[in-house]
1. Only one of these conditions is not met by E123: (1) farther than 22 Å from N32 by Cβ; (2) acidic (D, E); (3) modelled with pLDDT of 90 or more. Which number is it?
2. Which condition number does P179 fail, the rest of (1) open to solvent by 40 Å² or more (accessible area, probe 1.4 Å); (2) over 28 Å from P38 (Cβ atoms); (3) part of a loop (DSSP other than H, G, I, E, B); (4) at pLDDT 85 or above being met?
3. Could you list all residues from the range 135-152 that are closer than 16 Å to N41 by Cα and in contact (Cβ under 8 Å) with a residue 24 or more places away in the chain?
4. Within the range 30-84, how many residues are of a type in the set (G, A, S), closer than 18 Å to I151 by Cα, part of a loop (DSSP other than H, G, I, E, B) and touching a strand residue (DSSP E or B) at 6+ places or on another chain (Cβ under 8 Å)?
5. Taking the options K54, K90, K61, name whichever one is of a type outside the set (V, I, T), open to solvent by 30 Å² or more (accessible area, probe 1.4 Å) and in contact (Cβ under 8 Å) with a residue 12 or more places away in the chain.
6. Going through the range 24-51 one residue at a time, which ones are surrounded by fewer than 17 Cβ atoms within 10 Å (Cβ to Cβ) and either touching a Pro at 6+ places or on another chain (Cβ under 8 Å) or hydroxyl-bearing (S, T, Y) (or both)?
7. Across the range 161-176, what is the number of residues that are over 21 Å from E20 (Cα atoms) and open to solvent by less than 50 Å² (accessible area, probe 1.4 Å)?
8. Taking into account only those residues within the range 57-114 that are of a type in the set (S, T, N, Q) and within 23 Å of F22 (Cβ to Cβ), which is modelled with the lowest pLDDT?
Amino acid sequence: FINSSLYAYEKDQLISLKIEKFFKNFKTLEANFIQVGPSGNISNGKIYLDFPGKLRIDYEKPNNLLITSQGFWIVIQDRDNRTTNNIPVKSSPFSILLQDKPILNYENFKFEYSITSGIVSLEIKSDANDKLEGLILEFSEKPFNLKKWIIQDAFGEKTTVLIQDAKYNNNLSYLLFFPIDFPESSN
């Protein structure tokens, strides 16, 4: 019995080291994504991350949304309706990914690992609330790469984002992370 719990502890340590190493070496990501919403609706697009703090999620039509961040605000824009909404990064599920700190060194967060069929899952939940909200990151074990994340909202609804054709640590233009400047209408 002692050996099996020691083995489980060592396995957890190994997983946490792999995750820390991944994020330590992770500077940028450029990838295609497929998003499956809680009701089964599917969206496609491109995602760009540049650590720390920069995010761009560029949805293809019919969604036609653009989400950008340069650290403090997440800017959500609807290109069809020409509307912009700002939300603080801290109140978004991406906050833990966008901050300049080793991912597993956050106070006030619980981290749980599991490995199933070569997929490493890292579940991240806030200590402060025992609500359903959380973020699950899933990695392939060999090679160790981010494959998807699952965001669970306060109502327990899950949105899954599958990462495809990922390119890591390429130079990305800082211009990618600016919101669209909608010109004033002239009527």
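The values are calculated or read from the model by the stated rules, or taken from the named source; none is laboratory data. Nothing here was measured: the structure is a model prediction, and the numbers come from that model. Counting neighbours? That spans all protein chains shown, and the Cβs are built from the backbone with ideal geometry, glycine included. Each accessible area value is taken on the protein alone, full model and side chains, heavy atoms only, with ligands, DNA and RNA left out. Shrake-Rupley method; radii C 1.70, N 1.55, O 1.52, S 1.80 Å.
1. Condition not satisfied by E123: (3).
2. P179 satisfies all of (1) open to solvent by 40 Å² or more (accessible area, probe 1.4 Å); (2) over 28 Å from P38 (Cβ atoms); (3) part of a loop (DSSP other than H, G, I, E, B); (4) at pLDDT 85 or above except (2).
3. Within the range 135-152, the subset closer than 16 Å to N41 by Cα is 150-152.
Residue satisfying the conditions is I151 alone.
4. 1
5. Step by step, each of K54, K90, K61 is checked, and only K54 is of a type outside the set (V, I, T), open to solvent by 30 Å² or more (accessible area, probe 1.4 Å) and in contact (Cβ under 8 Å) with a residue 12 or more places away in the chain.
6. If the condition is that a residue be surrounded by fewer than 17 Cβ atoms within 10 Å (Cβ to Cβ) and either touching a Pro at 6+ places or on another chain (Cβ under 8 Å) or hydroxyl-bearing (S, T, Y) (or both), then K24, T28, S39 are the ones that fit.
7. Going through the range 161-176 one residue at a time, the tally reaches 3.
8. N105
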